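Each value in this text was obtained by applying a stated rule to the coordinates, not by laboratory testing. Quantities reported herein were computed from a predicted structural model and do not represent experimental measurements. FYI the Cβ positions are ideal-geometry reconstructions off the backbone, even for glycines, and counts take in every protein chain you see.
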């Protein structure tokens, strides 16, 4: 694993919504600064980077009971038909960023 992959991995955390065990990635400071007019869908689409134990039948009507391989393209298709999870996912991503900033500010105050 490259150093850049390790850095990205450190930004990840698990989040469960609507029976899906997802991996979300906290935005970088740059990404957070450029979110501007991003919709909940935009945030949920960009910052979900994986899933665990998701079967085809969990995400597609008539899907098989076999594991579905995550891809950003597949995730966008799944997400587009599940508007009820856009908000909770976006809030989880934003909260992860806020906690990150708070942790940095706390560390700066202590030094």
Find how much the distance from residue 76 to residue 28 grows on full extension, using 0.36 nm per residue of separation minus their present alpha carbon separation; answer in nm with one decimal. 15.2 nm
Rounded to the nearest 500 deg cm²/dmol, what is the calculated helix-only ellipticity per residue at 222 nm for the chain, with -39500 (n - 2.57) per DSSP H run of length n ≥ 4? -15500 deg cm²/dmol
What is the calculated FRET efficiency for residue 13 to residue 84, with r their C-beta to C-beta distance and R₀ = 22 Å, to the nearest 0.05? 0.55
Note the per residue figure in Å³ for the convex hull of the C-alpha positions in region 5-111. 112 Å³
Can you order the peptides 41-48, 21-28, 100-107 by their average number of other Cβ atoms within 10 Å per residue, highest first? 41-48, 21-28, 100-107
Stretch residue 95-residue 110 to full length: gain in nm at 0.36 nm per residue minus the Cα-Cα span? 3.2 nm
Per 10 Å bin from zero, what fraction in whole % of the C-alpha pairs of region 1-62 is there, up to the bin with the longest pair? 18, 44, 29, 9, 0
Mind telling me which of 72, 61, 83 comes out most flexible in a GNM of the chain, alpha-carbon contacts under 10 Å? 61
